[in-house]
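J.: This is the structure, below, for whatever I ask next.
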Amino acid sequence: MEDAVIKVGGMSCQGCVRNVTGVLQAQPGVEQVDVSLEDGVARVRFDAGKVAIEQLRGAVEDAGFDAA
Ligand code: 9UX
């Protein structure tokens with residue numbers, strides 16, 4: 001398992017947190033997701049053999065947020 005921190009821009013309420021959490025949890029190989037509105041980050045534990053970090057960032061961006 002790998003741990004990554006994705007900077008997420010554009011979250012303005014806890015609904016956004018739920019949305020970002022959901023899109024990340026829907027990705028293959030994602031084990032654990034913790035999204036912080038205050039910090040503007042998503043902490044993700046995932047299986048790098050099943051999903052690439054760039055794919056996780058892409059899913060966040062497809063949901064309408066900025067990811068870095
Ligand atoms: Mo809050 Mo975010 O009203 O995608 S859900 S702004």
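J.: Can you give the net charge of the other residues whose Cβ lies under 12 Å from the Cβ of Ala68, counting K and R as +1 and D and E as -1? It would help to have the intermediate numbers written out before the result.
T.: On the way: positive: Lys7, Arg57; negative: Glu54, Glu61, Asp66.
Net of charged neighbours comes to -1.
J.: Let me ask something additional. Over the chain, what lengths in whole Å, largest first, do the semi-axes of the equivalent ellipsoid take, defined as the square roots of 5 times the eigenvalues of the alpha-carbon gyration tensor?
T.: Working: eigenvalues 66, 25, 20 Å².
Equivalent ellipsoid semi-axes, largest first: 18, 11, 10 Å.
J.: Identify which of Gly40, Gly58, Gly15 has the largest mean-square fluctuation in a Gaussian network model of the chain, with springs joining Cα atoms closer than 10 Å.
T.: Gly15
J.: Quick one: with all protein chains in place, what share of the accessible area of region 2-67 is carbon or sulfur, to the nearest percent (1.4 Å probe)?
T.: C and S atoms contribute 41 percent here.
J.: Taking the solvent-accessible surface of protein heavy atoms with a 1.4 Å probe, what is the per residue accessible area of the chain in Å²?
T.: Per residue, the chain has 58 Å² of solvent-accessible surface.
J.: When the chain is modelled as a GNM with alpha-carbon springs shorter than 10 Å, which of Val30, Val17, Val51 fluctuates the most?
T.: Most flexible of the set in this elastic network: Val51.
J.: Pairing the Cα long axis of helix 14-25 with the longest principal axis of the chain, what angle in degrees results, from 0 to 90 and rounded to the nearest 10?
T.: Between helix and principal axis, roughly 10 degrees.
J.: Also, quick follow-up: Net charge within 14 Å of Val41 by Cβ-Cβ distance, Lys/Arg positive one each and Asp/Glu negative one each, not counting Val41 itself?
T.: On the way: positive: Lys7, Arg43, Arg45, Arg57; negative: Asp3, Asp34, Glu38, Asp39, Asp66.
Once all neighbours under 14 Å are counted, the net charge is -1.
J.: Contact order normalised by length for the chain, with contacts defined as Cα pairs under 8 Å and 6 or more residues apart; what percent is it?
T.: Details: 115 pairs, mean separation 29.4, N = 68.
Here the relative contact order equals 43 percent.
The values are calculated or read from the model by the stated rules, or taken from the named source; none is laboratory data. Here the structure is a predicted model, which is why all the values come from computation and not from measurement. Virtual Cβ from ideal backbone geometry, glycine too; neighbours counted across all protein chains shown. We work out accessible area using only protein heavy atoms, side chains counted, and drop any ligands, DNA or RNA first. Shrake-Rupley method; radii C 1.70, N 1.55, O 1.52, S 1.80 Å.
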